[in-house]
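What follows is one structure encoded as C-alpha cells, with my remarks underneath.
The values are calculated or read from the model by the stated rules, or taken from the named source; none is laboratory data. Quick caveat, the model's predicted, so the values are computed rather than measured. So basically every Cβ, Gly included, is an ideal-geometry build from the backbone, and we count neighbours across all protein chains shown.
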Amino acid sequence: MRELKLVAKDTNIFLKKILKKQKNTKLLEVIKYGLFPGGKKIRSKILVDVGYIFNINYKSLIRVAAAIECIHAYSLIHDDLPCMDNDKLRRGKPTAHIIYGESTAVLAGNSLLTLAFEILSDDKFNISNNVKNELINLISKCSGHEGVAGGQYLDLNYEKKNVSKKKIIDMQIKKTGMLFSFCCVAPVILAKKNNLVKRRFRSLGNLIGLLFQISDDLIDLKGKTRDAGKETGKDKKKGKATLIGLLGYENAIKYKIQLVKKISEQIKHYDNRSKKFKQTINLIANRIK
C-alpha cells in the first residue's frame, strides 16, 4: 500500500532527524539498529488514518508516530531478550542482544522508551501543554504495567498453562491492544474531542490490537520465517497461550472475521473519511489467510 510506505518513510525521516541531534553515545548505534529500517509501521498508519478522520495536521501525527515507534522498538528489543522470549531473529536480521549483548540491548530499549517522552514533550511540538500532558500520560499508561509491560508479563506467565479465553484476550489487549488504542485515541485528544469519543476510539484500538495479534499468531502457525522476518512456529513450542491454541484454527479464522465486522461497525459513522482506515484494517486482517 502506497500510503503505508509513505507514512513509514516520513516517520523514519523524522526519527533520523531527532537522532542526528542527539549526543553521539555508544548506545545510539544500538538504538538505530532497533529502529531502522523498522517494520511496516502499521501502528503509525492507524494513527494517521484516525488523524485524517479528525483533520489533524500531518506533521503533528508524524511526531506522535515517531514516539509510538520508539515504544514499539523498545518493547521488541526487550521481548526478544533471553530472559523473555529468547528470539534470535527480528525484522529479518539478528536481534539486538545477539549483536550487542544482553545488557546493552536492555539499556538501548530503556533509552528508546524515554526517547518517546522526549519527542512528545519537545517545545517544537506546537500544541497546548494540557493536550501534550494528556498524550504523555496516556502513552505512559499504555507502555507500563497496565499495558505493554504488563501484557508481556502475562504472556510469559501463561506459558504451558490452561488459560481461559477471557484471560487470553485481557493479556492480548494489554500486550498489543493498548498501543493500538493509543494510536486511535491520540488524534482524538489532538482534536480536543469529548470523553465519549475517546472511549469509543479506545475500544476501537483494543479491537484492532486483537485483530493484529490473531493475525500475528496465524503467521507464527502458518507462515515461513523468511517471509515473516522472524522465526515462526514458536508459539506451539513454547506453549504460548493464544486464541488459536484455545479455539482451533477454523474458529480462530471465524473470530478474526468477527473482529473485522466489529471494527467496521464502530467506524461506520465516519464513512466519508474512513476509506484509508478501512484499507489498513483489511491489510492487518489479510497479512496471512
Only one of 112, 61, 76, 120 is in contact with a strand residue (DSSP E or B) (Cβ under 8 Å, 6 or more places away or on another chain) and either part of a helix (DSSP H, G or I) or hydroxyl-bearing (Ser, Thr, Tyr) (or both). Can you tell me which? 76
Which is more than 20 Å from the chain's Cα centre (by Cα) and either crowded, with 22+ Cβ neighbours inside 10 Å or free of Cβ contacts under 8 Å to residues at least 12 places away in the same chain (or both), of 137, 162? 162
When residue 207 is evaluated against the numbered criteria (1) within 30 Å of residue 132 (Cα to Cα); (2) of a type outside the set (Asp, Glu); (3) crowded, with 17+ Cβ neighbours inside 10 Å; (4) more than 19 Å from the chain's Cα centre (by Cα), which criterion, by number, is the only one it fails? (4)
Which count do you get for residues in segment 227-264 that are of a type outside the set (A, V, I, L, M) and farther than 30 Å from residue 93 by Cα? 9
Set 240, 276: member being surrounded by fewer than 20 Cβ atoms within 10 Å (Cβ to Cβ) and either under 18 Å from the mean Cα position of the chain (by Cα) or at negative phi (or both): 276
Please pick out the residue among 267, 257 that is assigned to a helix (DSSP H, G or I), within 28 Å of residue 156 (Cα to Cα) and not charged (D, E, K, R). 257
Check 233, 229 and return the single one that is on the phi > 0 side of the Ramachandran plot, without any contact (Cβ under 8 Å) to a residue 60 or more places away in the chain and surrounded by fewer than 20 Cβ atoms within 10 Å (Cβ to Cβ). 233
Whichever residue in segment 173-204 is within 18 Å of residue 245 (Cβ to Cβ) and either of a type in the set (A, V, I, L, M) or surrounded by fewer than 24 Cβ atoms within 10 Å (Cβ to Cβ) (or both) and, among such residues, is nearest to the chain's Cα centre (by Cα): 175
State which residue pairs qualify: first residue in contact (Cβ under 8 Å) with a residue 60 or more places away in the chain and under 13 Å from residue 221 (Cα atoms) and inside segment 243-265, second residue surrounded by 12 or more Cβ atoms within 10 Å (Cβ to Cβ) and β-branched (Val, Ile, Thr) in any location, beta carbons under 6 Å apart, and separation of 6 or more residues or different chains. 243/168; 243/214
Among the residues of segment 94-112, count how many are more than 18 Å from residue 71 (Cβ to Cβ) and without any contact (Cβ under 8 Å) to a residue 60 or more places away in the chain. 6
Residue that is aromatic (Phe, Trp, Tyr) and at pLDDT below 90, where the choices are 270, 249, 255: 270
If the requirement is being surrounded by 14 or more Cβ atoms within 10 Å (Cβ to Cβ) and part of a loop (DSSP other than H, G, I, E, B), which of these qualifies: 51, 39, 34? 39
So which residues in segment 160-219 are part of a loop (DSSP other than H, G, I, E, B) and either in contact with a helix residue (DSSP H, G or I) (Cβ under 7 Å, 6 or more places away or on another chain) or on the phi > 0 side of the Ramachandran plot (or both)? 160, 192
When the residues of segment 92-117 are narrowed to those that are of a type outside the set (Ser, Thr, Tyr) and either in contact with a Pro (Cβ under 9 Å, 6 or more places away or on another chain) or surrounded by fewer than 14 Cβ atoms within 10 Å (Cβ to Cβ) (or both), which ends up nearest to residue 39 (Cα to Cα)? 92
